[in-house]
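Read through the structure below, which is laid out as structure tokens, and then see the notes.
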Amino acid sequence: MHQKQPYDPIISQAKDWPVVRLNKQYSHFLKTVVADSVQTLLAEYPSTDALRSMLRKTAEMERMRIQKISWRVDPPDELAFWELIAHSLSDRRNVSLSALLHRVVKRYAHEISGRFRISHYRLGQRAVAYTLAQLLRPAGLRGMRSPWNTHTQLQERIHITGATTQLRELARIGTIVMVPTHFSHLDSLVMAWVTHALGLPHFIYGAGRNLFNSRFFSYFMNNLGTYKIDRRKKNLPYLTTLKTYSSLTLQWGCHSLFYPGGTRSRSGALEQKLKLGLLSTTFEAQYRSYRAHGRGARKLFVVPVVLNYHCVLEAPRLINDYLRTQGLSNTQDPSSYKLLQRATHLFTKDSNIFVSIGQAMDLLGHTVDNAGDSYDAQGAYVDTYQQVLDLSPPIAIERQYESRTRALGETISKAYYQANCVLTSHLVAFSTFSIIEQQHAGLTLQALLQLSPKQLVVAYTALEHAFVQLREAILQLHQLDKIQIEPALQTGDLTMMIQQGLRNLGLYHSRRPLLQNRTGDIVIQDVSTLLYYRNKLQGYDLERHFA
């Protein structure tokens, strides 16, 4: 349900948040990250020759990366450091390979880590709320004299629905791993506001190291517990240190947020092939917590979240990126100047965002109740404590993590479809694109993208007919709890629903996907962007309901 009243914090004092407790022992935490990472690597490379070979390969990869791809955020002594490591490896006299490994891992650990300061968090929350209020409802601001009093306005525009009560209850007794979909650069701002609005402690998450090129951004993010992910680095010491860092934050009880899609969805569709590298660290964290604390250990809960926008500012560029990967696009990306022009529209128009909180699950994909107990598909109680401990010993357990994580990823992907919220704009886009496909049956997608303007006009009566058919199918899915719907789709007023969808679809784009001409018919201005929004409803087999 969408609650209008603010939620009380589940932990009254911020000083008692897990991330604050971790920050107070920051030095000890980092030493643990280094020690555990080194231990893991030495166990995997027990012989001197194997360890030397691995370190030599790491140094070579790093020197090559520095020469080919350098960022402003990179430290000035980086090349010198790796030259020294390479020189030490070539000198077989009295060189401690374990000491070299320790130096490498320690450097990575300090590079990855982020501090947390409550003062920066509070300032950041105010900045996030003010920015979102400006973007979503400038007319609702009370004036520049009181820029922080924006909670009520944002509640009217950011609709938090779904299992919010369960999320809050589980956050009291366990550790939450939130896994949102990723469609827009706005996602992180929205999720920061949502977790705060729900009265939850701060969630930590990883951000691309390239984002820290900005000194202003870097200053704040480095003090909000955000850890840095450098996707240029593929060597084993770095990846091991990164995974150890993530696992230990969970073992310390810090709520975490992962984007399992890895990057923004280029096609506009819900993510199906998830990148599960960091998600695998949840298994190690749960295993080690149970080993250390028994049944009294905090249980990890995975909570899928789906974000839906009537307009994704980057949609034209994203869909063109996707089409190019399919060998289909012959269009050009909008320039940065044009994107900036579009961004100015955000300050003059209204919009809504729908955040759907999915049902929580345990790491094995079982559903959980509000008390955190797990149940299988037949409703039988599952002892996850025993199941997790039944995994292989720690050294061999990594092999099982991969299969377990793949299974968890599949369960998350299915949960996205169930939590997805259909908006009027998405249903209008799907209906219109289905009509074009029907009118030009037999054409390839490439041919559809190249239709002339005269061929891209849809009669309003045809849109009404398609919309009614597809809405009925959506309502049936909703009754079966297989999808969520925007309240406006339940009104029964057909004209209002279609007009709202047309009005909101691609609200901020310089070229709206759809426009209504003087005769009332629908003109498609941008087929590829229309495809992006049509893809929001891909995967529900709606095509068979359209005739």
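The values are calculated or read from the model by the stated rules, or taken from the named source; none is laboratory data. Computed from a predicted model, the values in this text were never measured in an experiment. Backbone-built Cβ (ideal geometry, glycine too); neighbour counts: all protein chains shown.
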Inset, instruction - Name every residue in the range 460-483 that is within 14 Å of Glu543 (Cα to Cα), touching a residue at least 40 places away in the same chain (Cβ under 8 Å) and over 27 Å from the mean Cα position of the chain (by Cα), in order of residue number. - result: Ala466, Phe467, Gln469, Leu470, Arg471, Glu472, Ala473
Inset, instruction - Those residues that are over 21 Å from Val104 (Cβ atoms), outside any helix (DSSP H, G or I) and of a type in the set (S, T, N, Q), I need them from the range 235-258; list them, please. - result: Ser256
Legend entry - the range 354-382, subset in contact with a Gly (Cβ under 6 Å, 6 or more places away or on another chain) and assigned to a strand (DSSP E or B), residue nearest to Leu170 (Cα to Cα): Ile357
Inset, instruction - Starting from residues that are free of Cβ contacts under 8 Å to residues at least 60 places away in the same chain and under 15 Å from Arg107 (Cα atoms), keep the ones in the range 24-33 and report whichever is surrounded by the fewest Cβ atoms within 10 Å (Cβ to Cβ). - result: Ser27
Inset, instruction - Examine the range 486-496 for a residue that is buried (at least 19 other Cβ atoms within 10 Å of the Cβ), of a type in the set (A, V, I, L, M, F, W, C) and over 20 Å from His465 (Cα atoms), and state whether such a residue exists. - result: no
Inset, instruction - Determine which member of the set Tyr245, Tyr309 is touching a helix residue (DSSP H, G or I) at 6+ places or on another chain (Cβ under 7 Å) and either hydroxyl-bearing (Ser, Thr, Tyr) or surrounded by fewer than 24 Cβ atoms within 10 Å (Cβ to Cβ) (or both). - result: Tyr245
Inset, instruction - Being at pLDDT 95 or above and touching a Phe, Trp or Tyr at 6+ places or on another chain (Cβ under 6 Å) narrows it down to one of Pro180, Pro201, so name that one. - result: Pro201
Legend entry - Selection count where residues are part of a helix (DSSP H, G or I), among the small types (Gly, Ala, Ser) and buried (at least 20 other Cβ atoms within 10 Å of the Cβ), scope the range 194-234: 1
Inset, instruction - Could you please let me know if Leu41 is in contact (Cβ under 8 Å) with a residue 60 or more places away in the chain, over 30 Å from Thr161 (Cβ atoms) and touching a Gly at 6+ places or on another chain (Cβ under 9 Å)? - result: no
Inset, instruction - Those residues that are touching a helix residue (DSSP H, G or I) at 6+ places or on another chain (Cβ under 9 Å) and under 30 Å from Thr281 (Cβ atoms), I need them from the range 409-434; list them, please. - result: Gly409, Ile412, Asn420
